[in-house]
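In what follows, a structure is listed as structure tokens, so that the remarks can point back to it.
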Amino acid sequence: MTLRPPPKPPALHRVVALVRPPQPVFALACATEVFGDPAGPGVPARYAFDVCTEHPGPVRTSGGYDMLVATGLEALERADTVVVPGWHDTADISAAVADAVRRAHERGARIVGICSGAFVLAAAGILDGRRAATHWAQAAELADRYPRVRVDPAVLYVDHGDVATSAGSGAGVDLCLHLVSADQGAAYAMRIARQLVMPPHREGCQLQYTELPTTGPVTDSLAPLLEWVTERLDQPVSVADMAARSQVSTRTLTRRFTEQLGISPGRWLLDRRLAATRALLEETDLPVETVARRVGLSSAVNLRRRFHEALRTTPAAYRRAFRAGGEAGGPFGGPDRMPPV
């Protein structure tokens, strides 16, 4: 009997962050925490993270300290994903940087701009004719400087598959977790989110964070209600229950959801149940009927219908595809992407 050699572990996805002085600290930390740190004990590493800069050496940061970056723009030639974590002087983007980013994109690397990093992607020409996000305070500047870019000042992030951009730095975490979910599956992204003590998917748009008028009432936050519901997904919580919990009418609750999250409470609740469904399909062999009860969708028939409406596939097909493609780095072997729940 001939023994087969053990399968080789999948190659790590190479993520390279392109920085420049003075480098925004938090924007870089967003990418570092998601791609650069392990997801937790017993969780296999799926990414290799590195940092490069146009002129290697000490790079000043917005925090007042220097960091030593030894790698130049040649690192972009080996990256699977290039992240531009903010850009302090958006009017100063060298031709060498723009060319390096453009070549990486043409080679097939995914290019990600966090916050003002979108200006670098625009300078490289890879956002022309495309919808893009940046910090709400810089959206008008991006649209004025690069009129071929369709700037959306409301969204937290935009992902085209090969190019992605986010709003302010905090939304950079949202985008990075979304990319991990697309690469490695929802369950793996949830593990990283738990390490960061944050939800794997944040609802709403960045308009909720723009400057408020100096007069008038401030809308009550939905955060306590969302946390309460998330802890009870296995229970038959209804929109009426959510309204009762908040001590408001269903009409008032719907208005608050529309104002703060841009969706109805029913849609939000279903999205959370479907996200939990994906994680259970990826990580367990539980029957669909059991999964349906655990996520509050009552029956396998209801789960299959809702799952197909949202993802255009069945729970069984999703599970098979994830198991077949998981060894290659994601539910569909890496580049293919399920529509976000």
### Task
Mind giving me the nanometre distance, one decimal, between the label points for D241 and Y65, set 7 Å out from Cα along Cα→Cβ?
4.7 nm
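With a 1.4 Å probe and all protein chains in place, put D152, D241 in order of accessible area, largest first.
So the residues, ranked largest to smallest area, are D241, D152.
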### Task
Rank-order 55-66, 298-309 by packing density, defined as the average count of other C-beta atoms within 10 Å over each peptide's residues, highest first.
298-309, 55-66
### Query
Running Debye on the stretch 26-130 with equal point scatterers at the Cα sites and no solvent, what base-10 log of I(q)/I(0) appears at q = 0.13, 0.20, 0.21, 0.22 Å⁻¹?
-0.49, -1.14, -1.24, -1.34
### Message
If you count only protein heavy atoms with a 1.4 Å probe, what accessible area per residue comes out for the stretch 215-286, rounded to a whole Å²?
### Response
53 Å²
### Query
Can you tell me the accessible area per residue over the stretch 120-172, all protein chains present, probe 1.4 angstrom, in square angstrom?
37 Å²
### Summary
Taking a label point 7 Å from the Cα of L12 along Cα-to-Cβ, the residues of the stretch 68-102 whose backbone nitrogen sits under 17 Å from it are 70-71, 75-83
### Task
Describe numerically, in nm with one decimal, the distance between label points set 7 Å from Cα along Cα→Cβ at E309 and at D162.
3.4 nm
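The values are calculated or read from the model by the stated rules, or taken from the named source; none is laboratory data. Everything quoted here is computed from the prediction, not taken from an experiment. Cβ atoms come from the backbone with ideal geometry, glycine included; neighbour counts cover every protein chain shown. Each accessible area value is taken on the protein alone, full model and side chains, heavy atoms only, with ligands, DNA and RNA left out. Shrake-Rupley method; radii C 1.70, N 1.55, O 1.52, S 1.80 Å.
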